[in-house]
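**Student:** Pasting a structure here, questions to come.
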Amino acid sequence: MKKLFLNLIIVAGLAVAMTACYPGGAEYTDDTDIILTHYDPEYNFNDVNTYHISDSIEHIVDEGDTPTYKYDQDIISDLSNNFDALGWEQFDLNDTLNGELPDVAIVVSAAEITTYNVYSYPWYGYWGWGWYKSSDYYGYPGYGWGYPWYGGGTYVSTYTTGTVLWRLFDPEYISESDSTINLAWMGVLNGVMGSGTSNTKARITEGIDQAFKQSAYLKGE
Amino acid sequence: MKKYILIAIVSIFIGTAGYSQTSIYTLDYTMGFGTGSMGEYIGKASFRGLTFEGRGFVSDNVSVGALFSWATFYEARENETIVQDYTTLFGNQYRYINVYPMLAQVHYYFGIDPHKTRVYLGGGIGTYSVNKETQIGVWALEENKWHFGVSPEVGVLLPIAYATMINISLRYNYAVKTKNAPDYSWLGLSIGFAWGN
């Protein structure tokens, strides 16, 4: 009887210990940084010589929250520096309004999402901008974004995250039949938000630099 | 007279040596070393694992029984890049595999004296519950599957007290692939106590 009792205790202890174990993991907010890029393989980046980037960022926040604008110029500046480094020439707004179009245009979004539960792909639709319908760029009001891929999977998230998303498209590469602005390239930075301004700036710069580094096709390679 | 006493003493020892166990229970600390594709996914050894076994003897040299085990494999990979078709994902990855073998077992023992060191060979067959998780950023890709698997084993029982032994075993685990999950294989080195009657 005593031995049976001992065995039962051991089995019970083992059952408790068999609960899934997750040691280690991310310790600092920047450990959660991810940089995702995607491109349309049918788009020829060799033909790109000029670009235009919006001088403002669209913000997505939880209802009732105030957007944070203090990193906007850093984000646009970091992106511009990298596009310049590709040898692309930047258009200004006056050129665009005069009827000249750049080879590509870039629009930038930033999202702060708190306590978000995500259960399945596609990632972007659930990150907060899937319901965002404002696409009034370059005379295409009400157009949606055409994402040239689709994935599948499962995951969960419950954090306050900051996201920077930029979308690059060719103004001539637009489908009027189904009101879709087809993307040629996009980049996403995502991570748990921290409180330090300098650290956040550095994370944004490093993230944008990495996005270009892992997208050699922009140089035609 | 002395002759009879000597015979009696020898008989007692022979009788003890001839005593056969009816059962053995083992509780082991288990280390794991991934092999094959599992070793490529997590290269680091696992130092979190437990194994519990119950064995009943059906003859002097042969036991049948069951095993329940658990092990966690973990490795952090910094600045990893995943490329899938036209998408590239860069970031730190935290990789986990929790494995739960539940096996029916047979063992053969070289020697029948429970008070002497006994080497044994054995094997298990049964199910492996495998929980694989890859954490990237604030996301986690999770895969929970049941696998059929087999597990050959070699070990040794070292008696340290009456009915109590130290158990050391080396076990190869192979959980076959399923329709939606890869195969998993690893070597498990177990050290612990065994006790029986």
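No value in this document is a laboratory result; all are computed from the given coordinates. This structure is a prediction, so every number in the text was calculated from the model and none was measured. Backbone-built Cβ (ideal geometry, glycine too); neighbour counts: all protein chains shown.
**Student:** Give me B:Thr30, B:Thr164 ranked fewest to most by other Cβ atoms within 10 Å of their Cβ, as a rough exposure proxy.
**Tutor:** Values: B:Thr30 21, B:Thr164 11.
Arranged by neighbour count, lowest to highest, B:Thr30, B:Thr164 become B:Thr164, B:Thr30.
**Student:** Can I ask one more? What does the net charge come to around B:Gly123 if you take all other residues with beta carbon closer than 10 Å to its beta carbon, with K and R at +1 and D and E at -1?
**Tutor:** Working: positive: B:Arg171; negative: B:Glu153.
Combined, the nearby Lys, Arg, Asp and Glu give 0.
**Student:** Could you work out the mean count of beta carbons from other protein chains within 10 Å of each residue's beta carbon in A:33-45? Could you put the intermediate results ahead of the total?
**Tutor:** Numbers: counts 6, 10, 7, 8, 6, 6, 3, 1, 2, 1, 0, 0, 0.
Averaged over the peptide's residues, the number is 4.
**Student:** What number does region B:78-140 give for Rg over Rh if you use C-alpha atoms and the Kirkwood radius?
**Tutor:** Values: Rg = 21.7 Å, Rh = 16.0 Å.
Rg/Rh for region B:78-140 comes to 1.35.
**Student:** Per-residue Cβ counts within 10 Å, from other chains only, averaged over B:63-71: what number is that?
**Tutor:** Details: counts 0, 0, 0, 0, 0, 4, 2, 7, 2.
Going residue by residue through B:63-71 and averaging, the value is 2.
**Student:** Then there is this: Report ³J(HN,Hα) in whole Hz for each residue of region A:52-69, in order, from the Karplus equation J = 6.51 cos²θ - 1.76 cosθ + 1.60 where θ = phi - 60°; Gly and Pro get x.
**Tutor:** Whole-Hz 3J(HN,Hα) from phi for region A:52-69: 10, 10, 4, 8, 9, 10, 7, 10, 10, 9, 5, 4, x, 8, 9, x, 9, 9.
**Student:** Under 5 Å between amide hydrogens, which residues at least 5 positions from B:Thr35 or on another chain qualify, with H placed 1.01 Å from N in the peptide plane?
**Tutor:** Sorted by chain and number, the residues that satisfy this are B:Ser185, B:Trp186, B:Leu187.
**Student:** How would you rank A:Ser179, A:Ser56, A:Ser198, B:Ser190, going from fewest to most other Cβ atoms within 10 Å of each one's own Cβ?
**Tutor:** On the way: A:Ser179 14, A:Ser56 11, A:Ser198 7, B:Ser190 23.
Ranked by crowding around the Cβ, least crowded first: A:Ser198, A:Ser56, A:Ser179, B:Ser190.
**Student:** How long, wide and thick is region B:22-196, going by the Cα atoms along their three principal axes, in whole angstroms, largest first?
**Tutor:** 64, 30, 21
**Student:** I've got another one for you. For each of A:Phe91, B:Phe47, count neighbouring Cβ atoms within 10 Å of the residue's Cβ, then give the residues from fewest to most.
**Tutor:** Placing the least packed residue first, the sequence is B:Phe47, A:Phe91.
**Student:** Considering only B:Gln93, B:Gln135, B:Gln84, give the residue with the highest GNM mean-square fluctuation for chain B, with springs between Cα atoms whenever their separation is below 10 Å.
**Tutor:** The residue that fluctuates most here is B:Gln84.
**Student:** Going by average Cβ density within 10 Å per residue, which order do the peptides B:112-118, B:63-69 take, highest to lowest? Intermediate results must be reported in sequence, preceding the final value.
**Tutor:** Working: B:112-118: 16.0, B:63-69: 19.9.
In descending order of packing, they fall as B:63-69, B:112-118.
**Student:** Considering amide H positions built from the backbone, and no H for Pro or chain starts, which residues 5 or more places from A:Ala184, or on another chain, come under 5 Å of its amide H?
**Tutor:** Answer set, sorted by chain and number: A:Leu168, A:Phe169, A:Asp170.
**Student:** Taking every residue in B:51-59, how many Cβ atoms of other protein chains lie within 10 Å of its Cβ, on average?
**Tutor:** That works out to 1 on average.
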